[in-house]
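Take a look at the structure below.
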Ligand SMILES: CC(=O)N[C@H]1[C@@H](OP(=O)(O)OP(=O)(O)OC[C@H]2O[C@@H](n3ccc(=O)[nH]c3=O)[C@H](O)[C@@H]2O)O[C@H](CO)[C@@H](O)[C@@H]1O
Ligand SMILES: C=C(OP(=O)(O)O)C(=O)O
């Protein structure tokens, strides 16, 4: 098992380049197998979730060719849609549910294990199923597998009970190759929903209205090959913005879309951080003690739930009392006990964390309970005095490419080491002491 070892207390300085968006990439890979023609996907992040999903599509017969570290060519021509995608394969990821919409759209049948992913709450998929059924599919759950089939798919009017990212993308995938028109009301507006739709349109789909809460999809007979570049990752960018603020650093975050970061930027400015926006970069710098704020997670353009743990890692050393409310996933405050080990003063009441800022954190052994909570612990470790060990880095690597190397590039004293390798850990400590 690997762990991050961090010697904190050093302001991050310099430039970092953000990779492609995980949550767009996952939808786009599934969309890519909906044509029999080759598709080239660029700016693909080299992260755990993508490795798992690419393996899963290869398992059912798709051809995946790596062109370079961040570009693949996918060909879905030789897929065998009778092969089910087992839980063992995709237990680590959430977005395998997109294979359901993609395969159902293309072959009118699909068998995919119920998704795994981070344990951040109960994560039902009733809205996905409701949408696919509205298009004419018969959907059954048997032995942990979701099985969907249809003689034909027919467009329909679908109202989502909640603006679910996953349900919106899944329905959009199946609806592209349905007959007639599908309207999704109360659809999710996240940038990755828009990116998946833009990609599908580049393959010949007819999707309008993404980025608003009504999406209109006119079914087409078939999709064709395409070459596409994924948008930058809003959450990776936000994580580096908060790391810069927490360490009182000065970081230029390159390859971002500042518009996607507005909720994050607004909170940083509110607590006294300096933020400068450029066309495709953002600079974050902070000095002295930052102020407190109240944060409530909401669907886009609200404050993203995927940034909630990371802002708490900044607020624990800000002056005054901050209130962080998580409205989407009930288990997303599990990092609080870990931050408390580092000296943070946080109390959880229901879905709210009450944070009373302390002067500084002190390094400790902590364990990442999930992907973004893990990133938050790294931020806390970078800001703390002394050494922090962050265990369970495999969660963090689901969504961050070369996290320790990007942090090192900003001057962080951080390494990824084998937890069993006491010698290497001692050597690192000696070297940086
Ligand atoms: C792979 C991916 O893109 N993951 C993202 C996606 O997850 P995911 O697609 O799972 O999240 P959703 O947007 O679907 O969930 C939003 C809310 O709707 C509820 N819900 C959702 C579906 C459903 O059928 N029934 C239902 O009740 C959920 O419990 C949650 O409270 O969006 C989340 C919210 O921005 C992010 O945290 C995840 O990083
Ligand atoms: C919760 C997340 O991912 P997933 O939905 O893939 O588990 C995330 O990216 O923060």
In degrees rounded to 10, the 0-90 angle between helix 98-107 Cα long axis and the longest Cα principal axis of the chain is 20 degrees
Among 312, 96, 367, determine the one that fluctuates most according to a GNM of the chain built with springs between C-alpha atoms less than 10 Å apart.
-> 367
From the Cα centre of the range 236-280 to that of the range 197-219, the distance in Å is 30 Å
For 260, 292, what ranking results if the residue with the fewest other Cβ atoms within 10 Å of its Cβ goes first?
-> 292, 260
Report the antiparallel proportion of the DSSP beta bridges in the chain as a percent, rounded to a multiple of 5.
-> 70 percent
Sorted by Cβ density within 10 Å, fewest first, the residues 203, 307 | 203, 307
Treating the Cα atoms of the range 22-229 as identical point scatterers in vacuum, please give the log10 of the normalised Debye intensity I(q)/I(0) at q = 0.18 Å⁻¹, two decimals.
-> -1.29
In degrees, nearest ten, helix 371-383 long axis to first principal axis of the chain (Cα) = 20 degrees
Round to a whole angstrom and tell me the spacing of the C-alpha centers of the range 341-410 and the range 146-193.
-> 36 Å
Looking at the square roots a ≥ b ≥ c of the eigenvalues of the Cα gyration tensor of the range 343-405, which shape do they give, rounded for a/c under 1.5, prolate if a/b is larger than b/c, or oblate?
-> oblate
Here the residues of the range 1-33 lying in the modelled label zone of residue 278, meaning backbone nitrogen under 13 Å from a point 7 Å along Cα-to-Cβ, are 14-18
Cβ-Cβ FRET estimate between residue 73 and residue 402, R0 fixed at 22 Å, reported to 0.05 | 0.45
Please work out the FRET efficiency for the pair residue 138 and residue 296, using the Cβ-Cβ distance as r and a Förster radius of 25 Å; give the result to the nearest 0.05.
-> 0.05
Treat each spin label as a single point 7 Å out from the Cα along the C-beta direction, and report the residue 429 to residue 208 distance in nm.
-> 6.5 nm
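Just so you know, all these numbers are worked out from the coordinates, no wet-lab data involved. All of these numbers come straight from a predicted model, not from anything done at the bench. Cβ sites come from the backbone with ideal geometry, for glycine too, and all protein chains shown count toward neighbours.
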